[in-house]
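Right, one structure below, let's go through it.
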Protein chains: 2
Amino acid sequence: MHLIQASSRFLKFAIQKPSGTRFQILNRLIRNPISGFERVYSTAAATMGTVETDVELLRKSVIEKQNIVEKQGDEVRALKASKASKEAIENAINQLKELKLELQSVSKELQSRLSEDSGGAMSKEAFRQAVNNTLERRLFYIPSFKIYRGVAGLYDYGPPGCAVKANVIAFWRQHYVLEENMLEVDCPCVTPEVVLKASGHVDKFTDLMVKDEKTGMCYRADHLLKDYCKDKLEKDLLLSPEKVNELKQVLAVLDELSAEALGAKIKEYGITAPDTKNPLSDPYPFNLMFATSIGPSGLSPGYLRPETAQGIFVNFKDLYYYNGNKLPFAAAQIGQAFRNEISPRQGLLRVREFTLAEIEHFVNPDDKSHPKFKNVADLEFFLYSREEQMALKSPIKIRLGEAVAKGTINNETLGYFIGRTYLFLTALGIHKERLRFRQHLQNEMAHYAADCWDAEIECSYGWVECVGLADRSAYDLKAHTEKSAVPLVAHETYPEPREVEKLVITPAKRELGLAFKKNQKMIVEALEAMSEAEAMELKAHLESEGKAPFQVCTLGQTVTLTKDMVSISKEIKKEHQRVFTPSVIEPSFGVGRIIYCLYEHCFYTRPSKAGDEQYNVFSFPPLLAPIKCTVFPLVQNEKYEVTAQLISKSLTGAGISHKIDITGTSIGKRYARTDELGVPFAITVDSETSVTIRERDSKEQIRVSVEEVASVVKEVTEGQSTWGDVLWRYPTHTTNTADD
Amino acid sequence: MHLIQASSRFLKFAIQKPSGTRFQILNRLIRNPISGFERVYSTAAATMGTVETDVELLRKSVIEKQNIVEKQGDEVRALKASKASKEAIENAINQLKELKLELQSVSKELQSRLSEDSGGAMSKEAFRQAVNNTLERRLFYIPSFKIYRGVAGLYDYGPPGCAVKANVIAFWRQHYVLEENMLEVDCPCVTPEVVLKASGHVDKFTDLMVKDEKTGMCYRADHLLKDYCKDKLEKDLLLSPEKVNELKQVLAVLDELSAEALGAKIKEYGITAPDTKNPLSDPYPFNLMFATSIGPSGLSPGYLRPETAQGIFVNFKDLYYYNGNKLPFAAAQIGQAFRNEISPRQGLLRVREFTLAEIEHFVNPDDKSHPKFKNVADLEFFLYSREEQMALKSPIKIRLGEAVAKGTINNETLGYFIGRTYLFLTALGIHKERLRFRQHLQNEMAHYAADCWDAEIECSYGWVECVGLADRSAYDLKAHTEKSAVPLVAHETYPEPREVEKLVITPAKRELGLAFKKNQKMIVEALEAMSEAEAMELKAHLESEGKAPFQVCTLGQTVTLTKDMVSISKEIKKEHQRVFTPSVIEPSFGVGRIIYCLYEHCFYTRPSKAGDEQYNVFSFPPLLAPIKCTVFPLVQNEKYEVTAQLISKSLTGAGISHKIDITGTSIGKRYARTDELGVPFAITVDSETSVTIRERDSKEQIRVSVEEVASVVKEVTEGQSTWGDVLWRYPTHTTNTADD
């Protein structure tokens, strides 16, 4: 039980989930950042065995024709051996040639269909490449420690990336902490072992790994098996339908395989180390936390936190007090978390150090209503409920209020956070049609969890989990209460005392002592520890028989009790308050993943005026844009530069981040350069009294006086007005000097 | 040479300096967060030996009187032994009694003077206790993992502390990154060994440690010696003047002692483990970085970064390119840094994990002027130059422009950052009179450093280094260039090619080969590596004598060269560009230390109206305040609550962090509660149309309409108006319901 609880803890790691634990049965579908649905679907298709796609038919046809070709070859050889007539042999050869041509043609078709199937993937990869090239060239990110050949899974944010991240975090703080009056905390990354022992991370936060037996190089066991299966399916044209089904089945259950099963498959398929072809060790678990030692003695093991949530849980008591001993309240934390991945893949999506923004909303388990739910109830967006997933249907667009009313979403508070998260992500620039909230399937959820939803964003890697929203019941606070012996509980004082029926068990210590001597204490404890059902059963037994057998686990034996040894009754008592462990609803945001998806959603290309070049554009909303505005003197000229400096000063005063570009480059080139950074507005100085403001995506321009320009830019970047609004207010400007 | 450079690297750690390295001679005075000056002063006083304070005179007197008492005791015993007359004996005894009384009285005075001397410290400690009690009770900070009995040197920021920290960081970003157009980066905490090997941290970032030989408990060697000396000086009344001098001398040179010298002193004084009295090991260096392992192989050692600066240096090439290959430019980083202290002391000042905000301003070493220096030149504040320190004078208030013009501050860029730092700290609420910029003494600075200044803030711990501002020349970029083999250099293209006189050394390889056979190559290399001066000296020697001795280090011998073996000349060459390693000027901010000093500077108490209680107040400026404003319905009443909610909504809309308190507590108590959190403004709702705004420190109130109140609060919190301004505009309000 405890083991399952501990491992289930990791079900909440929407952001970067561990994989390959011994508890994959719970973990199914969620190991990968990529949505579980694809795997549900492929499992279903593979196991149902009824779906025969064109590819499967082609595969069959290739195999059939291959067999026929072989037979015909045998035939030719037989004719030759039997010294048949020249004509008969020639006929047979001609037939063989024709059959070979047919085989070639079907093989070609299969090949082209296979590469077409992964062709979608290819064009996605090309798109991803284009985005990533731009991101890296413009220093949105930089592989860390590049001059020392880098470290896999570690990335720096360069200047524009850093600004984007700061904007996302500032908006998160505004949208959640400030607007919801949350209690923000900031805890260290270095965490002593005892805390992560209580949370279950020390024992269960693992991936399965294999080692190259000669070089010691490490690989994730499931990665190797996955690569093998995919490669076979894509490149081996002669796979039998049974083999195809088998490989697909393996891919579908990959996350559920035990260390033993994974090891057996690796052996069966003869998979070796990819770099050296050396044999591999059996798979074994590797803990994904970075270990360290606190202080100089070597006696205080510690880890870099794998999530920020634990820092909140251990502070519950103080935070509850700070909130006037009242529920509900939410605490929040933004900070670094660490995961020592075995072999990081998927670029910026799976990294070894990342920023999390986590909320723990503590609530009375008996009342999960939310006073502000009505503010989000009318939002309509894609929900992908358990039912739709199991029925292999698509996500449906539904009113949030309806989803909660129908019970699809467990409660108002969870629903409220889903709604607020929808608003948060779309305000930043996530496309509404490429965002869905997917409910965890029953077997994905911890047994104690009431309900879990992931905000999934579609990008070139598929549907990526970027926010996890889970109602985790009282699990975490209870785990720390148990380990620390500090009760992390809440009190509810009743307006009037309540009458409660209470079980009263009174062992007769004297009689027990006489009968059982030194075992008396153990028996007394066992009696007092009985559940209500056990006690009532014992009472009935004693009353009917006068005596009853009673099992004492701590003694490892069953004793016989008589009626006089214990009194069991139910009494009405007055209670003034209730002490309980609060439930926690936990929205957890992977800041880096959200940012990466934003990059993909905002990226597009457009041809230069001459049509000979493709320009990259990031259509960041002003809220997100790393720089809000650029200032360009149209030509190199002292007067314009002075005006530009003047404007720069007023922009700084207004708190608008901006950049001056006084290079003599053509204005079109300068626009293109900043479009690529996602700068929404460009001020071009072409006189000393008035200037133009150009909007990035429409390329429209308006003419505004030098005095007004900073306040107009402030208005449109801070959201008081839209570009549409100011377009009405100011004269538009057209000139052949604009975008080349 | 390289060793000194590496160790000198640590001279820049103004924020948390390592101590006890083997290079203390360079490190003198700066190991402790407390300013070096006190130690300069006490060293001087101790060694000059001319200052005889009252305490010293009293000590002498105690010893003299003790001697006299002993003599008189001998006298009495002698009289008794010689069977002297009863009268003579009684006289002697009476005299002895009188002498003892005298001794008692002088001892008492010394005792009281000693505790008075530390009495200043005591009252400082009482003040610190009061501040810290308030901070901890109101959750500005919380010892981390408290329910598990905590970890020394790790602290959480609770809700108000977290808000204060976010405000400091946001202002830093505005004041430096935005206003100065800096390139912000964000690099991981986990750092591979090679980077910190290049920077010198792996080899030199150590403190000296001793171990309890039985329990293995660790202590900082210098701490134990320091405690011993201080304790002796405070409590041992019979210390001889020589011993007093010796102990003071030890305290003064504590930071300069080698492991051997420290060990010898510990042995000499018989110092044992404080907790067990067990014997101690010899002191040995302990590296202060948290070590970990990257990836699963165990073959990639890594550390948690001890500073953020290295992440900037390794990215120099990309950042220079991003800046259009132009100097100067500055890069900045805000992030966590880690230091595995042996035994953290001094509460929030010396912690194991902390936030740094660092700037690396890269500049052409030949031109350190700054175009905006004129904007800060007229600032006047306390500078504590090397000269004043050496002359045992006090810091002087001086115009920044004058200090740079006189050469006290090495250059305009360094001066500019000092000025901007003064503005930054005072805007946050640091008292001008308790802030000074102290120049490093020559022996504190690395040999390559051009100039270093620390912003020191006075608090209950003394003068604390909170910002280090160093002109580090080209050291860091050169170290990484050497280790990574990636040239981290800048290019300066001359507008027109320049004629440069160049030294040309042409070894005659044939002649050298004939003469020196296999040593020829080494000699050629040594010739080519000569400095200009060496070459010109050799040339002169060869020309006058026809031959010359030449030392070849790599061969370990001196050979004799003849005139035909090398030609040395100076030639005029045309150069189109210059390639050079930029200098770096580095302002480095210890965010946690600044925040702690702000707490102390802003804290005061005032009596309640009844005079029976002391209320705590944090006089945070609005910029810094964790919550800008509270909203209090005067009495519990639905109408007022609705109005309060309405105001809350408009405050949220205006982006003003605030809190509603609808408890029925007296308004005075509610004011007191929020004064203690440093909330600058309180809105009290006593009607549905207009409300009052109270200013925290003056307790003055104005009456404002409900519609206007949010915008008025926004004005005064964002600094468009002062409280004084709005006090004129709106009617003041007096009522007996205000502060009790």
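The values are calculated or read from the model by the stated rules, or taken from the named source; none is laboratory data. Worth saying up front: this structure is predicted, and the values here are computed from it rather than measured. Backbone-built Cβ (ideal geometry, glycine too); neighbour counts: all protein chains shown. Quick note on the areas: whole protein, heavy atoms, side chains included, nothing else; ligands and nucleic acids left out. Shrake-Rupley method; radii C 1.70, N 1.55, O 1.52, S 1.80 Å.
Summary table below
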item: Computed label-point distance, nm, for sites B:N443 and A:S687 using a 7 Å Cα→Cβ extension; result: 6.9
item: Apportionment of accessible area to carbon and sulfur, the stretch A:495-580, percent (1.4 Å); result: 50
item: Distant-in-sequence amide H partners of B:E307 (H built 1.01 Å from N, under 5 Å); result: B:F338
item: Chain-alone versus full-assembly comparison, the stretch B:150-167, residues with accessible loss of at least 30 Å² (1.4 Å probe); result: B:V151, B:L154, B:D156, B:Y157, B:P159, B:C162, B:A166
item: Compactness of the stretch B:199-249, expressed as Rg and Dmax over alpha-carbon positions, Å; result: 15.7, 49
item: Positive-end residue, chain A charge dipole about Cα centroid, Cβ charges, pick of A:S650, A:A170, A:T308; result: A:T308
item: Distance in nm between pseudo-label sites at A:E268 and A:F171 (7 Å out along the Cβ direction from Cα); result: 4.8
item: The stretch B:368-502: C-alpha gyration tensor shape, a/c 1.5 cut-off, then a/b vs b/c; result: prolate
item: Cα pair count fraction exceeding 18 Å, expressed as % - the stretch B:495-580; result: 47
item: Selection of GluC sites (Glu not before Pro), the stretch B:154-250, meeting DSSP coil and at most 15 other Cβ within 10 Å; result: B:E179, B:E213
item: Residues B:E380 and B:K100, FRET efficiency given R0 of 60 Å [Cβ-Cβ distance, rounded to 0.05]; result: 0.55
item: More than 14 Å apart - percent of Cα-Cα pairs taken over the stretch A:548-606; result: 80
item: Per residue, in Å², the accessible surface of the stretch A:206-287 once ligands and nucleic acids are set aside, probe 1.4 Å; result: 47
item: Debye equation applied to the C-alpha atoms of the protein assembly as shown, log10 I(q)/I(0) at 0.04, 0.05 Å⁻¹; result: -0.34, -0.53
item: Solvent exposure of the stretch A:63-179 as accessible area per residue, Å², 1.4 Å probe; result: 55
item: Spin-label pair B:I662/B:I93, simplified geometry with 7 Å Cα→Cβ offset, distance in nm; result: 8.5
item: Estimated FRET transfer efficiency when R0 is 56 angstrom, pair A:V500-B:S240 (beta carbons, to 0.05); result: 0.15
item: Burial of 10 Å² or greater, the stretch B:290-307 residues [accessible area, probe 1.4 Å, versus chain by itself]; result: B:F290, B:A291, B:T292, B:S293, B:I294, B:G295, B:P296, B:S297, B:L299, B:L304
item: Percent accessible area from carbon and sulfur atoms, the stretch B:206-287, protein chains only, probe 1.4 Å; result: 55
item: FRET efficiency, 1/(1 + (r/R0)^6) with R0 22 Å, evaluated for B:S300 and A:T215 via beta carbons; result: 0.95
item: Euclidean distance of C-alpha centroids, the stretch A:227-268 and the stretch B:676-702, integer Å; result: 70
item: Extension gain, A:N133 back to A:S608 (0.36 nm per residue minus Cα-Cα distance, nm); result: 169.1 nm
item: For the stretch A:361-444: rounded, prolate or oblate by the Cα gyration tensor [a/c cutoff 1.5]; result: oblate
item: Among beta bridges that DSSP assigns inside chain B, antiparallel share in %, nearest 5; result: 90
item: Rg/Rg_ref, the stretch A:83-196, where Rg_ref = 2.2 N^0.38 Å and atoms are Cα; result: 2.28
item: Accessible surface, the stretch B:627-729, averaged per residue in Å² (probe 1.4 Å); result: 42
item: For the stretch B:73-79, Karplus couplings with θ = phi - 60° (6.51, -1.76, 1.60), whole Hz, Gly/Pro x; result: x, 4, 4, 4, 4, 4, 4
item: Projected-area average for the stretch A:636-719 over all orientations - Cα convex hull basis, square nanometres; result: 5.1
item: At least 40 Å² of accessible area lost relative to the chain alone, listed for the stretch B:324-364 with a 1.4 Å probe; result: B:E353
item: The stretch B:206-287 - Rg and Dmax from Cα coordinates, angstrom; result: 12.7, 40
item: Carbon plus sulfur fraction of accessible area for the stretch B:627-729, probe 1.4 Å, in percent; result: 54
item: Shape of chain B, Cα gyration tensor, a/c cut at 1.5; result: oblate
item: Qualifying trypsin sites (Lys or Arg not before Pro) in the stretch A:176-262, DSSP loop, other Cβ atoms within 10 Å at most 16; result: A:K214
item: Beta bridge orientation in the stretch A:309-442: antiparallel %, DSSP, nearest 5; result: 90
item: Solvent-accessible area buried by pairing A with B, both sides, nearest 100 square angstrom, 1.4 angstrom probe; result: 6200
